[in-house]
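Here the structure comes first, spelled out in structure tokens, and everything after it is commentary.
No lab work stands behind these numbers, since they all come straight from the coordinates. Being a predicted model, the structure only gives us computed values, none of them experimental. Note that each Cβ is placed from the backbone with ideal geometry, even for glycine, and that neighbours are counted across all protein chains shown.
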Amino acid sequence: MIKEYKTIREIASPLMIVEHVEGVTYDELGEIELPNGELRRCKVLEVEGDKAVVQLFESAQGINLAESKVRFLGHSQQLAVSEDMLGRVFNGMGMPIDGGPAIIAEDYKDINGLPMNPAARAYPAEFIQTGVSTIDGLNTLVRGQKLPIFSGSGLPHAALAAQIARQARVLGDNETFAVVFAAIGITFEESEYFISDFRRTGAIDRTVVFSNLANDPAVERISTPRMALTAAEYLAFEKDMQVLVILTDITNYAEALREVSAAKKEVPGRRGYPGYMYTDLATMYERAGRRQGKKGSITMIPILTMPEDDKTHPIPDLTGYITEGQIILSRELHRKGIVPPVDVLPSLSRLKDKGIGVGKTREDHAGTMNQLFAAYSRGKDAKELMTILGEAALSDDDKLFAKFADEFERRYVSQGNETNRSIEETLNIGWELLSILPRRELKRIKTEFIDKYLPEA
Amino acid sequence: MSGTITKVSGPLMVAEGLADANVSDVVRVGASGLIGEILNMTGDQASIQVYEETSGLGPGDKVITTGLPLSVELGPGMLDNIYDGIQRPLPEMRALTGDSITRGANVPALNRNKKWDFTATASVGAHLAAGDELGTVQETSAILHRIMVPPGLSGTLKSIQSGSFTVTDTVAVLTDEKGVDHELPMMQRWPVRIARPYAKKYVPSRPMNSGQRIIDTLFPIAKGGTAAVPGPFGSGKTVVQHQLAKWSDVDIVIYIGCGERGNEMTDVLMEFPELKDPRNGEPLMKRTVLIANTSDMPVAAREASIYTGITIAEYFRDMGYDVAVLADSTSRWAEALREISGRLEEMPGEEGYPAYLASRLAQYYERAGVVKCLGSEDREGSITAIGAVSPPGGDISEPVSQATMRIVKVFWGLDSALAYARHFPAINWLTSYSLYIDNLRAWYTEQFGESYIKNREKALRILQEESELQEIVRLVGQDALSADDRLTLETARMIREDFLQQNAFVDEDAYSSYLKQYRLLSMVLEYDALCRDALLKNADMNKLFGIPVRERIGRAKMADPNAFNEVYDDIEKQMKAEINDVIAGGEEV
């Protein structure tokens, strides 16, 4: 028997205090019934004696203290999961909004998930070919990795993410894949860009969309990515699918988190974000991965826009400490017309070493990768010097490095959003570029590979 | 003793009716028996931090105190194992509850059924003090586990038996001074927040060989020392920690993954059993204990994890072993402390961290050191504590970095600019330091003669000069420099690229012996000396920089670890010949 309370004492959106409650537990889901019969949802943040502090998921508008009723449902927030979710669109709370029927649940899952036992994880080591040279060649993505895109306002991160979703495949593999797409506080247009791209390629039938757009309630955004990940976990670990999760935009998520934290009057950490934001983000990001004895996997590409393009801002900073690398977009390259404008040097994939080499990509991959990084870095330094002092100030070697840097951006990085390069093509372009440099500078590559792959000058 | 919950807020709860409980007692909460610890008491009200997810708990749920502080179990079975922050074995948890960590799982740290072959070494009638050896267990092929009389106990050995026992079986009976018999199993318990006692502490005087050139040659750490590895994300903190865990010449490694990525722990779990210790050929996992409290696991257990790790380290130290404790990352530990403190509504210090952050950190690092162990056998053991620090935005002016730097003696500062250029390990040679160099000078001199330390000083000087010269180059270009200064830049580049850079993923390069490090640096400095001399003889600078042997020097670090001496001899010979040729050519012009 579920009790109803008409004892709401205080509402300061998004928080509400309910008095004289009994048997209410931490993290329990609740329902508020407005006088007009409308239902809104909330969850318990703190319970002390007979007083519960409750967080609303939707707006507080229209809630009347005397007339509204609160029910506590005896469980935490859950998502009804089923294979039929594929091809459907849900709102940020997991309700269908595409006009289709409700999902007949095969199971109900707590959206917070459970931490994965590190001893049960399988190390991600299967190379995913995205067809993008800067990723495949230099910041290799592997199955089960979480690799965010750090972008800025006005940069084409959506085009890159859509390209990855469209082109990504594991060489010599025909397993079932699925895409879970969570729109977190983004505009209709940006969300539609992804959905129409999925539709164009036919991927829409294998996609689950959770959509919380910019005009939807901000507090709902705290649940949206968790809904998406719960669906992804179900598809990956119970239905053996290879799931790609795209979460965009994490910055909106973090702002919603800050809003709730401020309402709770918590001691703020850096820039007003709560001190537990690291842990909070980690409980989402760490849900990516592979498990021993399970076929499926969750590969995650969160997208975030860095406020003021500042990588040290808490949102990208804490994300970078949790995720297994990052792809950073550069405004400077974007202005130069480089597509996709991936800033190669600060980008990183931590899991690349186990995903490349003999039997995965090619034997020369690791050495050429390091050499391209080192040479591009030196080339950029040389170019910087050149802008101050003129070309004459450079040594002969440095002139070659400067030339290399230009060619590298033009031919390796800038491939357009429609080109799908095989890993062989990517590696060969790398060798062509390295042939600009004197052979003695190629210290990062084993001599035998230089003899085998370096094109004749 | 049981009480009732009155308030739940995340991992913190308040319970009443616990007047008889002690501060720091472990409690069991709710129907599923979640593990918690009492932080504060007010009257009969206790504030409790719970080490597991608290969703579903509410006022009215029961709290039962165990009357004991948070403790670890110490005995055979810890090596080659992986635990969570409160020492629950993760593989056994997995067998019990599946791939996810569910709540209230109650698994003892040491397997109660496994039998170990115990060999008694003490004899009946002997008078034994705390720390004295009762017997031994060959725990893994690499480590002989000494079973010792626990601290605080001494007396006459009444009986002892060799044979096959579980950790809780009695192996010996000790009669103390009052005539009371104590049955001693192989397993001991020890509260994690209290340091285990030792007889005497010494100043560290031997280096810990890590096989990493920038560490061993430029910024060495002593066995029993403390070090911090701060750096922004992506600068390679974890790889440095992994390299230290792999190659350090210690007997035991405790690796604490404190609030970090799950896949990193999996990496260690998969890789370490495959890797062989370069000194004895044993799999590295046989000397390793892993503590994994990843970032998605409960935050309160993360706070406990570093204490669990260092207590296990102290236990092995007490056996007379050299132990290295690697904590990745102490910043996540500090954040856990901050979160708990915030929920206790304590007055925050800097950036929301509690005011006791610095003293807690100092207490942790002070548990490192070289000691004379308890017991009459005069064993000497050490704990080397190395902590990664993850400063927000890479800015080390924040409280955790600053508090750590006040305590530790070695600072390996990681630099994102180096990481972007793929210069690894990305330890910045200008900001890093080691305060042990004076303690270790005698050791290096005894082993390799005076030139080891002299080479080190010379290399550091050249790198320092390089940074000054670079400023000039940035203003007026390279042409404004004298030939001597150009040579300094060239040598500095060689030190950076041909000596300091070390590839952790290439077998020949991942570990460098002291001799290889010494010879490699000598080779580069020899090039510098010969060229400087040649310049005096008017040799052509560009020709000197372009001699063919430079490519060989650049690849010299990849030489076979067992046959590098001959290769290096040959390179040096070729180098001398080619420089002499340039000198001869220069005189013709």
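Give the residue from B:136, A:260, A:447 lying farthest towards the positive end of the charge dipole for the protein assembly as shown; charges sit on Cβ (+1 for Lys and Arg, -1 for Asp and Glu) and the dipole is referred to the Cα centre.
Result: B:136.
Cross-link candidates for residue B:62: which lysines have Cα within less than 23 Å, leaving aside residues fewer than 8 places away along the same chain?
A:3, A:43, A:51, B:7
Taking the 0 to 90 degree range and rounding to the nearest ten, how far is the long axis of helix B:299-318 tilted relative to the main principal axis of chain B, both from C-alpha atoms?
The angle comes out at about 80 degrees.
Identify all lysines with a Cα-Cα distance to residue B:537 below 28 Å; exclude those on the same chain that are fewer than 8 residues away in sequence.
Reachable lysines: B:454, B:458, B:573, B:576.
Which of B:423, B:294, B:315 sits closest to the plus end of the dipole of chain B, meaning its Cα is farthest towards the positive end, when Lys and Arg get +1 and Asp and Glu get -1 on the C-beta?
B:315
Describe numerically, in nm with one decimal, the distance between label points set 7 Å from Cα along Cα→Cβ at residue B:138 and at residue A:199.
With each label point 7 Å from Cα toward Cβ, the separation is 7.1 nm.
Using only the Cα atoms of the range A:154-230, construct the convex hull and provide its projected area averaged over every direction, in square nanometres to one decimal. Please list the in-between numbers first.
Numbers: hull surface 23.5 nm².
Computed as one quarter of the Cα hull surface, the answer is 5.9 nm².
Where does each of B:178, B:246 land when they are ranked from fewest to most other beta-carbon atoms within 10 angstrom? Mind showing how you got there, number by number?
On the way: B:178 6, B:246 22.
By the 10 Å Cβ count, ascending, the order reads B:178, B:246.
Round to the nearest 0.05 the FRET efficiency obtained for residue B:158 and residue A:48 when R0 = 45 Å and r is the Cβ-Cβ distance. Don't skip to the end; give the middle numbers.
Numbers: r = 55 Å, r/R0 = 1.22.
Efficiency at R0 = 45 Å is approximately 0.25.
With the cut-off at 20 Å, tell me which of the pairs B:158/B:200; A:239/A:294; A:69/A:109 have Cα atoms farther apart than that. Before the final figure, lay out each step's value.
Numbers: B:158/B:200 29 Å; A:239/A:294 10 Å; A:69/A:109 26 Å.
Over 20 Å apart, Cα to Cα: B:158/B:200; A:69/A:109.
Suppose the chain between residue A:391 and residue A:10 were pulled fully straight at 0.36 nm per residue; how much longer would it get relative to their current alpha carbon spacing?
Working: separation 381, 0.36 × 381 = 137.16 nm, distance 6.99 nm.
Length gained between residue A:391 and residue A:10: 130.2 nm.
If you only keep lysine pairs separated by 8 or more in sequence, or across chains, how many in the range B:211-314 come under 19 Å at the Cα atoms? Provide the component values of the computation, followed by the final result.
Numbers: B:223/B:246; B:237/B:246; B:246/B:276; B:246/B:286; B:276/B:286.
Lysine pairs meeting both conditions in the range B:211-314 amount to 5.
Among the listed pairs A:360/A:383; A:352/A:380; B:114/B:178, give every one whose C-alpha distance is greater than 32 Å. Mind showing how you got there, number by number?
Values: A:360/A:383 35 Å; A:352/A:380 24 Å; B:114/B:178 34 Å.
With Cα atoms farther than 32 Å apart: A:360/A:383; B:114/B:178.
Residue B:282 versus residue A:2, label points 7 Å from Cα toward the beta carbon: distance in nm?
Placing both labels 7 Å beyond Cα along the Cβ direction yields 5.9 nm.
List the DSSP H helices in chain A whose Cα atoms stretch 18 Å or more along the helix axis and whose mean Kyte-Doolittle hydropathy is at least 0.0. It would help to have the intermediate numbers written out before the result.
Details: long enough: A:188-201 (20 Å, -0.98); A:224-237 (20 Å, 0.51); A:250-263 (20 Å, 0.14); A:365-389 (35 Å, -0.16).
Helices passing the filter in chain A: A:224-237, A:250-263.
May I ask you to order A:324-331, A:230-237, B:19-26 by the average number of other C-beta atoms within 10 Å around their residues, highest value first? Provide the component values of the computation, followed by the final result.
Numbers: A:324-331: 23.2, A:230-237: 25.8, B:19-26: 16.2.
Per-residue mean Cβ counts within 10 Å order the peptides as A:230-237, A:324-331, B:19-26.
With +1 on the Cβ of every Lys and Arg and -1 on the Cβ of every Asp and Glu, and nothing else charged, how large is the dipole of the range B:1-129 about its Cα centre, in debye rounded to the nearest 20?
Working: 9 positive and 14 negative charges, 54 e Å.
Value, rounded to 20: 260 debye.
Relative contact order for chain A using alpha-carbon pairs under 8 Å, separation at least 6, rounded to a whole percent?
Working: 945 pairs, mean separation 73.9, N = 457.
The value is 16 percent.
How far apart, in nm, are two points set 7 Å out from the Cα along the Cα-to-Cβ line at residue A:19 and at residue B:123?
Computed distance between label sites residue A:19 and residue B:123 equals 8.0 nm.
Fewest to most neighbouring Cβ within 10 Å: what's the order for B:373, B:258? Each step should come with its number before you reach the end.
Working: B:373 24, B:258 29.
Lowest count first: B:373, B:258.
If you average the sequence gap of Cα pairs under 8 Å that are 6 or more apart and divide by the length of chain B, what percent do you get for the contact order?
13 percent.
Would you please name the GluC sites (Glu not before Pro) within the range B:242-285 that are DSSP coil residues with at most 13 other C-beta atoms within 10 Å of their C-beta? Intermediate results must be reported in sequence, preceding the final value.
On the way: sites: B:260, B:264, B:271, B:274; in loops: B:260, B:274.
When the GluC sites (Glu not before Pro) of the range B:242-285 are filtered for loop state and at most 13 Cβ neighbours within 10 Å, B:274 remain.
Taking the Cα centre of the range A:258-362 as origin and charging only Cβ (+1 Lys, Arg; -1 Asp, Glu), how large is the dipole, in debye to the nearest 20?
Numbers: 19 positive and 12 negative charges, 123 e Å.
That gives the range A:258-362 a dipole magnitude of about 600 debye.
Which FRET efficiency value, to the nearest 0.05, do you get for residue A:399 and residue B:480 by plugging their Cβ-Cβ distance into 1/(1 + (r/R0)^6) with R0 = 25 Å? Mind dumping the intermediate values first?
On the way: r = 18 Å, r/R0 = 0.72.
Using R0 = 25 Å, I get an efficiency of 0.90.
Give the cross-link partners of residue A:311 among the aspartates and glutamates, using a straight C-alpha distance below 14 Å as the criterion and excluding same-chain residues fewer than 8 apart.
Straight-line reach from residue A:311, under 14 Å: A:343, B:395.
Counting only other chains, what is the mean number of Cβ atoms within 10 angstrom of the Cβ of each residue in peptide B:269-277? Write down the numbers at each step before the final one.
Details: counts 4, 5, 2, 0, 0, 0, 0, 0, 0.
Mean partner shielding for this stretch: 1.
Let's see if you can work this out: charge +1 on each Lys and Arg Cβ, -1 on each Asp and Glu Cβ, no other charges. What is the dipole magnitude of the protein assembly as shown about its Cα centre, in debye to the nearest 20? Present the calculation step by step, with values, prior to reporting the outcome.
On the way: 114 positive and 149 negative charges, 149 e Å.
With Lys and Arg at +1 and Asp and Glu at -1, about 720 debye.
Please arrange B:196, B:112 by how many other C-beta atoms lie within 10 Å of their C-beta, fewest to most. Kindly include the intermediate steps, with their values, before the conclusion.
Values: B:196 22, B:112 12.
Final ranking by Cβ density, sparse to dense: B:112, B:196.
Between residue B:23 and residue B:168, what FRET efficiency follows from the Cβ-Cβ distance if R0 is 30 Å, with the result rounded to 0.05? Don't skip to the answer; put the middle values down first.
Numbers: r = 28 Å, r/R0 = 0.95.
So, using R0 = 30 Å, E works out to roughly 0.60.
So if each residue of separation counts as 0.36 nm, and I subtract the Cα-Cα distance between residue B:202 and residue B:112, what length gain in nm does that give? Mind dumping the intermediate values first?
Values: separation 90, 0.36 × 90 = 32.40 nm, distance 3.71 nm.
Gain on stretching residue B:202 to residue B:112: 28.7 nm.
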